[in-house]
1. Pull up segment A:131-145, narrow it to residues that are within 7 Å of chain B (Cβ to nearest Cβ) and on the phi > 0 side of the Ramachandran plot, then point me to the one that is modelled with the highest pLDDT.
2. Name the pairs whose Cβ atoms lie under 7 Å apart, with the first residue in segment A:203-214 and assigned to a helix (DSSP H, G or I), the second surrounded by 16 or more Cβ atoms within 10 Å (Cβ to Cβ) and aromatic (Phe, Trp, Tyr), and 6 or more positions between them or separate chains?
3. Tell me the residue from A:Phe58, A:Phe80, A:Phe140 that is in contact with a His (Cβ under 8 Å, 6 or more places away or on another chain) and buried (at least 17 other Cβ atoms within 10 Å of the Cβ), please.
4. So which residues in segment B:10-31 are in contact with an Asp or Glu (Cβ under 9 Å, 6 or more places away or on another chain) and not in a loop (DSSP other than H, G, I, E, B), if there are any at all?
5. Hey, B:Asp99 hits all of (1) within 8 Å of chain A (Cβ to nearest Cβ); (2) surrounded by fewer than 21 Cβ atoms within 10 Å (Cβ to Cβ); (3) in contact with a helix residue (DSSP H, G or I) (Cβ under 7 Å, 6 or more places away or on another chain) but one; which does it fall short on?
6. Please pick out the residue among B:Val114, B:Val85, B:Val61 that is away from every other protein chain (no Cβ under 12 Å), within 22 Å of A:Leu256 (Cβ to Cβ) and crowded, with 17+ Cβ neighbours inside 10 Å.
7. Go through (1) modelled with pLDDT under 95; (2) buried (at least 24 other Cβ atoms within 10 Å of the Cβ); (3) part of a helix (DSSP H, G or I) one by one and return the number of the condition A:Ala154 breaks.
8. I need the full set of residues from segment B:66-80 which are surrounded by 22 or more Cβ atoms within 10 Å (Cβ to Cβ) and either closer than 21 Å to B:Gly21 by Cβ or without any contact (Cβ under 8 Å) to a residue 40 or more places away in the chain (or both), in order please.
Amino acid sequence: MTRRREVAVVGWAHSDLVTDGDFDIAGSCEWAINAALESAGVSADQVDGLATYPRPGFAGARVDGVNAVGVATVLERMDFPAITWFCEAETGMVAASIVEAAHAIQSGTCDIVVVWRAMALAPGRYGVAAPGHAHGDAAFTTPYGATALLPWHALAYSRYRSIASGSEADLGRLVIDVHGAAARNSVAAYLKRPTSIEEYLTSPYVCDPLRRFDCDRPVAGSAAIVLAATSTRPANERLAIIAGAAQNVPAPTAHLHPVLGNQFARGRAVSDRLWKLTGESPSTISVAELYDGFAPTAFYWIEALGFCDRGQAGPWYTAADRKVPVNTSGGSLGEGRLHGLGHFIEGAKQVSGRAGERQIADCRTAAITIGSPLINGGAFVLRTD
Amino acid sequence: MRPGPVIDAVSEPFWRAVATGKLELTYCPTCRLFTHPPRARCGNNCRGDLEWREVSGRGVVWAVTVPRREWVPGFDRAVPFGLFVVELDEQDGLLMPSDCDLETALGLQVGQPVEVCFEAHDGYTLPQFRPVSGPTEVAR
């Protein structure tokens, strides 16, 4: 039996991230892939696998080249003569495609795989429900005006606030911090950034208790990473090795809405698997890059990963002696919504010592989560030897 | 106009019951657990058939929000309005939604007792929840 091979994240890039106007999504994706290959020191003819999370970043049909960039579109535009494998996992967010790519390399199917996420802006306003009737479980929610994602996340946060310690200013602290980090991140989208707790606490609600600043900003743009078998890399390179990945699996019982389930218990199930697979624990993690499509999701992950107990993320985050930096590139809130690939790239940069002015000293391990604890995504540990 | 429910074979008894002023949910006599939205079989462990059982219609506010932008085009409450989730007395985590006007929503607190009422619409009846009338202690 062949020994399982190690997989490292060896290159990455973001295209420009824009918030309005016409946008060439396929061109942005091609640019990001080329830049990621250059960052990895890999040529296109060495790449033998391609993977992406191909769904549009909003409800609606996928149209390749218009609101999505699938493998076929990339192969129409770029020369990858050695491709033998591809993956377009439609669910599990980009985490599923990264996991599949790592498996392809571990098994020996591939040596070098490029993974990307390309985002277009929605043609209308985000989160508006399609007209018509409510089928299946939606028959029990849509008639109440409760179709869109945002009200459900707001209800989840309302529940969280009723059981959590601390105050909403704690989450505001995280929001202010990630915008500060994004201001030091040259690839971040140009966004209106709150600069003080007062500004945060007086900003409008979108769906109480979620404020506008608690919502990530949709962007058009692309990000790409290069995964490679460590055996293809120079022996002295400081590598961000995928130490392990744990996927979120669907809940076994019916729920009014998935995000109203138990964020803590479901997230703990993911993190228990992650720590068991990797041998790491909250106390051995150098940096945490936590999904923040809505700001409270980062708090749910802080608790689920075991950095603190349930309901204690606010006090943990705001403690003067907190040792683990969170969302050092600004996350989706500050950098722009790349559905978690931005978080993954920042973790890889930090662990491989290539984070530039944001570099954390002696960063050996990164915990990265993609998706909320209740929406199918996953969690990773990247580690350097 | 509200987007009305599409009633199917599994959910039909629910909608038939609410039309007569009763709240009935699917229940597993083996696991002694309710499941909502309704299912034909138990998803808890036993995978056995579920039956319909009437519940009290009493519960507490589990979470509350105020949508301030329109997400359901044509919905018959203008934003901002109230949207809350009720945890029924029968079981932890047994949740049902309700909507209400803004003033009611701003007065709701998590843990506050509520009870079911039935709202007639064109072709269906919708269960809703309202604060229990009369003076009540607000439990938190």
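1. A:Gly145
2. Listed by first residue and then by second, the contacts come to A:Phe213/A:Tyr200; A:Asp214/A:Phe294.
3. A:Phe140
4. The answer is B:Pro13, B:Phe14, B:Arg16, B:Ala17, B:Val18, B:Glu24, B:Leu25, B:Thr26, B:Tyr27, B:Cys28.
5. The single condition B:Asp99 does not satisfy is (2).
6. After ruling out the rest, the residue left standing is B:Val114.
7. (1)
8. Residue satisfying the conditions is B:Pro67 alone.
The values are calculated or read from the model by the stated rules, or taken from the named source; none is laboratory data. None of the values given here were measured: they were computed from a predicted structure. Methodologically, a virtual Cβ is constructed for each residue, glycine included, from the backbone with ideal geometry; neighbour enumeration extends over all protein chains shown.
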